Amino acid sequence: MWGADEAIARVEDDVRRAQQRAERYPALQASIDAVRGSAVSIRRDLSVEVDAGGVLRDLRIADAALDRGGERVASEILELVAKATRTARAKTLEATTEIMGADDPIVATIAQQLEARNAADDAPAGGSRP
């Protein structure tokens, strides 16, 4: 059991840590807003860019890519988006770790969420997803 002095010191420490975290949130949000992941096809005629959430922000298709046909190009684009999204997820975790510190609980939460999303992306089509 804690004495009154220990309990007060613990609460004060918790408040101090919460204030420090709150002060870091604007920098974290700005950093995450700036995250981009990109991927380019082997032939370099397709490229994509996504944000931290995997939302497509830029898509480039060279005329030469169209010679492969719509289905093939669509499939390649989806593969590139998946690759770029993984990159963006990794950058998001890096930024969060850098700003909040590796021991911050939000880092562990984000790492778990990104791992789950990556695993879901790897699941076979039609399979169960978490």
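Below are the figures for this structure:
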{"quantity": "Trypsin sites (Lys or Arg not before Pro) within the stretch 2-65: DSSP coil, no more than 15 neighbouring Cβ in 10 Å", "calculated": "Arg43, Arg44"}
{"quantity": "Viscosity 1.306 mPa s, temperature 10 °C, Stokes-Einstein D of the stretch 69-114 from Kirkwood C-alpha radius, µm²/s", "calculated": "132"}
{"quantity": "Cα pair count fraction exceeding 27 Å, expressed as % - the chain", "calculated": "40"}
{"quantity": "Mean-position separation - Cα centroids, the stretch 69-130 and the stretch 1-67, in angstrom", "calculated": "12"}
{"quantity": "Given charges at beta-carbon only (K, R positive; D, E negative), |dipole| of the chain in Debye", "calculated": "440"}
{"quantity": "Nearest-10 value in Å² for the accessible area of Asp63, using the 1.4 Å probe", "calculated": "120"}
{"quantity": "Charge dipole of the chain about the Cα centre (unit charges at C-beta), most positive-ward option of Ile99, Ile8, Gly69", "calculated": "Gly69"}
{"quantity": "Accessible area (Å², per residue) of the stretch 1-84, counting only protein heavy atoms and a probe of 1.4 Å", "calculated": "71"}
{"quantity": "Kyte-Doolittle mean at least -0.5 and Cα axial length at least 18 Å: DSSP H helices in the chain", "calculated": "70-100, 105-122"}
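The values are calculated or read from the model by the stated rules, or taken from the named source; none is laboratory data. Keep in mind the model is a prediction, meaning the values are calculated, not measured. A quick note on method: Cβ atoms are made from the backbone with ideal geometry, for glycine too, and the neighbour counts reach across all protein chains shown. Side chains included, ligands, DNA and RNA excluded: accessible areas come from the protein's heavy atoms. Shrake-Rupley method; radii C 1.70, N 1.55, O 1.52, S 1.80 Å.
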